[in-house]
Amino acid sequence: MTLTREQMARRAALELRDGDYVNLGIGIPTLVANYVPDGIRVMLQSENGLLGMGPFPTDDAVDADMINAGKQTVTAVSGAAIFNSAESFAMIRGGHVDVTILGAFEVSVNGDIASWMVPGKLVKGMGGAMDLVAAARNILVIMTHADKSGASKLLDDCTLPLTGAGCIRKVLTDLAYLEIADGAFHLRERAPGVSVEEIVSKTAGKLIVPADVPEMRFA
Amino acid sequence: MNGFDKVVGTYDEALEGLQDGMTVIAGGFGLCGIPEGLIAQIRRMGVRGLTVVSNNCGVDGFGLGVLLEDRQIRKVVASYVGENKLFEQQLLSGEIEVELTPQGTLAEKMRAGGAGIPAFYTATGYGTPVGEGKEVRHFKGRPFILEEAITGDFAIVKAWKADRYGNAIYRHTAQNFNPMAATAGRITVMEVEQIVEPGELDPAQIHTPGIYVNRVIEGRFEKRIEQRTVRAG
């Protein structure tokens, strides 16, 4: 069985450590905040200038001056900090954010990521994604293993314009958890009920399969 | 009269001197922390051929998006142009030029522009379309691209409170790009919710010192929300 969005978020949350400063991208990465393990506290960074993003406000507490990078109304947790955009990206570019979790269209065996542009379709812009992937040391990409037509998104070379070159080391898909090293994907975990053969058949880029591939755990 | 008193009483005075073809740097993130009245005044003035530098370009009918309706913008420098149908149309028809710039690079371009730094190296965008044609230099074995600073003929920003000297503080995440934009205009115009007397704001809490600000006007703000998200109370 392929992982649900919630299962992917739950598995991704296991990458978090107590005291981490974390930037979550739009989509499934945002759900990760709902599955932070017990006993672990993280501070969420929103690149429009908020460190310590809290939940959505109650209806009577909505404040137009209090939004996240997705332009949603949010709150700040106790102990949060608010600052300008240059400061926000100084902490990103300076490598101070511990974990970045974001989505992608394609990832390559060299750690290249394409996530912001499909030629021929209207381009909305890269926002802060290029800054995040260029600087963060610990990036987890979450995406489906294949696109809607069944084509693999784990490739030898990205076909789409890049967001960043050589910056991705960890990928979680709906089929597997993989690491990138030495020009190949390394299969580390498989989703419950998913065979190694299925993962191999849906991975276009060079894939190294160790003798033992444990089933993914969620706690 | 006091040479440090930056307060103007009308929007005509606030943007006096803005002409066709100029570059305008605008603060704001989406519709949060945007100088609503100054944008409306640019529309009333009818100046054309503007280059607008801003993280976003508003939405249909609000924010900088209104300047698209009368085709006043020639070029936009932004990180995310968002859901704006008129913008899409003008982009696809070639009426408008867009320079998509990574968000952190955009903030730093404004900061550098205001700080007299002509250019800087950054890892952001290396190996991507953003890096094409730009100088590459290696530091400690890593490649970086050279990005040039941005300055504007005008900067338009929005603050919460400012004193008559232009010392300003921002409210919550309405700060965003405003402090950098404020430094990067040859003429910086600040629209605020409340003007106070010098001495009322704690000097150590000032976000934007008045030295960067040329004109201050008190405005009224609709503060439209793009994504109203709530939880059950």
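Only one entry of B:Gly152, B:Gly116 meets the criterion of being closer than 22 Å to B:Phe177 by Cα, of a type outside the set (A, V, I, L, M, F, W, C) and surrounded by fewer than 13 Cβ atoms within 10 Å (Cβ to Cβ), and that entry is B:Gly116. How many residues, within region A:77-115, are of a type in the set (Ser, Thr, Tyr) and under 30 Å from A:Asp182 (Cα atoms)? Final tally of qualifying residues: 3. Within the span defined as region A:3-18, every residue fails to be surrounded by 19 or more Cβ atoms within 10 Å (Cβ to Cβ), part of a loop (DSSP other than H, G, I, E, B), within 11 Å of chain B (Cβ to nearest Cβ) and not aromatic (Phe, Trp, Tyr). Does region B:136-143 contain at least one residue that is among the β-branched types (Val, Ile, Thr) and either within 30 Å of B:Tyr212 (Cβ to Cβ) or in contact with a Lys or Arg (Cβ under 6 Å, 6 or more places away or on another chain) (or both)? No, that holds for no residue.
Condition check ((1) away from chain B (no Cβ under 14 Å); (2) touching a residue at least 12 places away in the same chain (Cβ under 8 Å); (3) under 10 Å from A:Val107 (Cα atoms); (4) surrounded by fewer than 18 Cβ atoms within 10 Å (Cβ to Cβ)) across all residues:
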site: A:Met143; (1), (2), (3), (4): yes, yes, yes, no
site: A:Ser149; (1), (2), (3), (4): yes, no, no, yes
site: A:Asp156; (1), (2), (3), (4): yes, yes, yes, yes
site: A:Thr173; (1), (2), (3), (4): yes, yes, no, no
site: A:Ala176; (1), (2), (3), (4): yes, yes, no, no
site: A:Glu179; (1), (2), (3), (4): yes, no, no, yes
site: A:Arg190; (1), (2), (3), (4): yes, yes, no, no
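The single condition among (1) of a type in the set (A, V, I, L, M); (2) within 14 Å of chain A (Cβ to nearest Cβ); (3) farther than 28 Å from A:Ile92 by Cα that B:Met180 does not meet is (3). Applying the criterion of at least 1 residues that are touching a helix residue (DSSP H, G or I) at 6+ places or on another chain (Cβ under 7 Å) and at pLDDT 95 or above to the strands (runs of 3 or more DSSP E) found wholly in region A:101-219 leaves A:139-142, A:170-172, A:176-181, A:184-190. If the condition is being surrounded by fewer than 17 Cβ atoms within 10 Å (Cβ to Cβ), out of contact with any helix residue (DSSP H, G or I) (no Cβ under 6 Å at 6 or more places or on another chain) and assigned to a loop (DSSP other than H, G, I, E, B), then region A:77-100 contributes A:Gly94, A:His96. Quick one: which residue in A:Phe185, A:Phe218 is farther than 26 Å from B:Asn55 by Cα, surrounded by 23 or more Cβ atoms within 10 Å (Cβ to Cβ) and under 20 Å from the mean Cα position of the chain (by Cα)? Exactly one of A:Phe185, A:Phe218 is farther than 26 Å from B:Asn55 by Cα, surrounded by 23 or more Cβ atoms within 10 Å (Cβ to Cβ) and under 20 Å from the mean Cα position of the chain (by Cα), namely A:Phe185. Considering only residues that are within 14 Å of another protein chain (Cβ to nearest Cβ) and of a type in the set (S, T, N, Q), look in region B:184-233 and name the one that is surrounded by the fewest Cβ atoms within 10 Å (Cβ to Cβ). The selected residue is B:Gln205.
If the condition is being in a loop (DSSP other than H, G, I, E, B) and surrounded by 18 or more Cβ atoms within 10 Å (Cβ to Cβ), then region A:37-62 contributes A:Val42, A:Glu47, A:Asn48, A:Gly49, A:Phe56, A:Pro57. Contact annotation: no residue pair with Cβ atoms under 7 Å, 6 or more positions apart or on different chains, pairs a residue in region B:15-27 that is under 10 Å from B:Thr51 (Cα atoms) with a partner that is loosely packed, with under 13 Cβ neighbours inside 10 Å and modelled with pLDDT of 95 or more.
Scanning region A:64-88 for residues that are more than 7 Å from chain B (Cβ to nearest Cβ) and hydroxyl-bearing (Ser, Thr, Tyr) yields A:Thr75, A:Ser78, A:Ser88. Candidates are the residues of region B:101-150 that are hydrophobic (A, V, I, L, M, F, W, C) and under 17 Å from the mean Cα position of the chain (by Cα); the one that is farthest from A:Met126 (Cα to Cα) is B:Ala115. Filtering region B:151-178 to residues that are in a helix (DSSP H, G or I) and without any contact (Cβ under 8 Å) to a residue 40 or more places away in the chain leaves only B:His172.
Quick check on A:Val133: is it surrounded by 21 or more Cβ atoms within 10 Å (Cβ to Cβ), at negative phi and more than 13 Å from chain B (Cβ to nearest Cβ)? No: the conditions fail for A:Val133.
Residues in region A:112-122 that are more than 7 Å from chain B (Cβ to nearest Cβ) and either of a type in the set (Phe, Trp, Tyr) or surrounded by fewer than 18 Cβ atoms within 10 Å (Cβ to Cβ) (or both): A:Trp116, A:Val118, A:Pro119, A:Gly120, A:Lys121.
The values are calculated or read from the model by the stated rules, or taken from the named source; none is laboratory data. Computed from a prediction, not measured in an experiment: that's the story for all the values here. Note that each Cβ is placed from the backbone with ideal geometry, even for glycine, and that neighbours are counted across all protein chains shown.
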